[in-house]
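What follows is a set of notes on a single structure, which appears directly below.
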Amino acid sequence: MTTFVDRVELHVAAGNGGHGCASVHREKFKPLGGPDGGNGGRGGDVTLVVDQAVTTLLDYHHHPHRKATNGQPGAGDHRSGKDGQDLVLTVPDGTVVLDRNGEVLADLVGQGTTFVAGQGGRGGLGNAALASARRKAPGFALLGEPGEARDIVLELKTVADVALVGYPSAGKSSLISVLSAAKPKIADYPFTTLVPNLGVVTAGSTVYTVADVPGLIPGASQGRGLGLEFLRHVERCSVLVHVLDTATLESDRDPVSDLDIIEEELKQYGGLEDRPRIVVLNKIDIPDGQDLADMIRPDLEERGYRVFEVSAVARTGLKELSYALAGIVAEARAAKPVEVATRIVIRPKAVDDAGFTVTQEEDGLYRVRGEKPERWVRQTDFSNDEAVGYLADRLNRLGVEDALLKAGARSGDGVAIGSEDNAVVFDWEPSMAAGAEMLGRRGEDHRFEAPRPAAQRRRDREAERDEAQRDYDDFNPF
């Protein structure tokens, strides 16, 4: 069974905001108690948090759908709905968050680093919060906003100082097992290492981590073998160590050609050109291995490589290698820029920034885009005429009507608010008045000719009762 997963696709959904409540206070001897509808609760967020105790993304491989809880709706008597509970997902140190298109959204490095993957929806206001001097008893409330839902990709890039790279069975696992306390699987067949192994090494006063990357073969950068899946684990390292097998039994291979092939694969993968390299000639405990190491060492040193001859079995040459790696790691750490605490930058809104845009599309439709108009549309209950009238008032105060007039819109033109896949489209009437003086009965707005079906049925029943009462009075004058 797979126990290590370093790339998953995660489907996150934040909680929806609770709807506001439209209620009127009713109590004996208080016929005009006023609106008392409470606000809806906020939807829960989906947050990624780095936990160094987590080393794999296996849990999200088995359960890729994660959703936070919704906010509760408001109630009468000024009772606000309960907020949804945030969903906290722990990820390993070094996790990169990408969208479906491969764009990096966050690079999570360091214990406790957080990223909000899904923003919870706002709760809707109740009619008590919507009451004003002109609209004393609103017959509507605002809807809660839907929570953010999206698909993200999590990629784990091991946070290590040193990366051991080389052909399968070159002795990388054996080397990390004697340099550190790591216990990787070791066997005499290729691709024994199927997942990266980490080990902690102490050399003097320097403590650093070593990653054993699964064996690379020609074509690894294009997906052959296991290379493409695990080359990402060497991106964060400070130094690359080429582990070359000086006692290979394959007649068509030699350490120098192995080095050239691995370097070509690293070049094809990209982004590793500036990392210092060290060459380790392994398995010199075998007589033929020592002879071959003596032959190729001058050639490698002429190329500018620092060469170390070691034997993981006999444990020779390990101390020199360990201290050399510690020196390079210490230099890399000293060269890193000093981390500065995050600064909060406040950018004031421009004076001429209306907060929305109006554009005319090829088919003549006028599209309104902006955070406030789109949020207001999501919060509007379009089955309630008074709520729609309140939306018209807000858009008018924001300046949307004036912007449409300047853009050339005329009466009857189509106007869409929102994106193409989720927009509200209506025929615009520029002469629409705004103000509470246009309101009729609760839940209605005289600016809209089409009445609500429920309201119309209620009027019809009242008219039938009145007519029946008049007929009864005429028939029985006493």
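The values are calculated or read from the model by the stated rules, or taken from the named source; none is laboratory data. Here the structure is a predicted model, which is why all the values come from computation and not from measurement. We place every Cβ from the backbone using ideal geometry, glycine too, and count neighbours over all the protein chains shown. Quick note on the areas: whole protein, heavy atoms, side chains included, nothing else; ligands and nucleic acids left out. Shrake-Rupley method; radii C 1.70, N 1.55, O 1.52, S 1.80 Å.
Extension gain, GLU420-VAL116: 0.36 nm per intervening residue step, less the Cα-Cα distance, totals 106.9 nm. Counting only lysines at least 8 places from LYS336 when in the same chain, those with an alpha carbon closer than 24 Å to its own are LYS157, LYS267. For LYS82, the lysines whose Cα falls under 23 Å of its own Cα, not counting residues fewer than eight places away in the same chain, are LYS67. Between LYS136 and LEU405, the simple label model (points 7 Å from Cα in the Cβ direction) yields a spacing of 3.2 nm.
Projecting label points 7 angstrom from Cα along Cα→Cβ for GLN52 and TYR323 puts them 2.7 nm apart. Per atom type, the range 274-403 shows carbon and sulfur on 51% of its accessible surface, probed at 1.4 Å.
For ASP460 and LEU365, what is the calculated FRET efficiency with R₀ set at 45 Å and r taken between the beta-carbons, to the nearest 0.05? About 0.75, to the nearest 0.05. Here the calculated FRET efficiency for ASP285 and GLU235, from their Cβ-Cβ distance with R0 = 22 Å, stands at 0.10, rounded to the nearest 0.05.
If I take R0 = 35 Å and measure r between the Cβ atoms of MET295 and HIS62 in this structure, what FRET efficiency does the formula 1/(1 + (r/R0)^6) give, to the nearest 0.05?
Values: r = 51 Å, r/R0 = 1.45.
For MET295 and HIS62, the calculated efficiency is 0.10.
For the ranges 117-125, 166-174, 96-104, what's the packing order if you count other beta-carbon atoms within 10 Å of each residue, average per peptide, and put the highest first? Working shown, then result.
Details: 117-125: 26.0, 166-174: 23.6, 96-104: 12.1.
Ranked from most to least packed, the peptides come out as 117-125, 166-174, 96-104.
Close amide H contacts of GLY118 (hydrogens built in the peptide plane, cut-off under 5 Å, sequence separation of 5 or more or a different chain): VAL46. Note that the range 109-114 has calculated 3J(HN,Hα) couplings of 10, x, 4, x, 5, 10 Hz, one per residue in order, obtained from phi through the Karplus relation 6.51 cos²θ - 1.76 cosθ + 1.60 (θ = phi - 60°); glycine and proline are x.
At 0.36 nm per residue, minus the direct Cα-Cα distance, what do ARG397 and ASP99 gain on full extension? Give it in nm, one decimal, please.
Numbers: separation 298, 0.36 × 298 = 107.28 nm, distance 3.66 nm.
Working it through step by step, the gained length comes to 103.6 nm.
Within the accessible surface of the range 39-158, defined with a 1.4 Å probe on protein heavy atoms only, the carbon and sulfur portion equals 48 percent.
On full extension, the segment bounded by ARG306 and VAL256 gains 16.6 nm, given 0.36 nm per residue less the C-alpha separation. Cross-link partners of LYS136 among lysines, defined as those whose alpha carbon lies under 17 angstrom from its own and excluding same-chain residues fewer than eight positions apart: LYS30.
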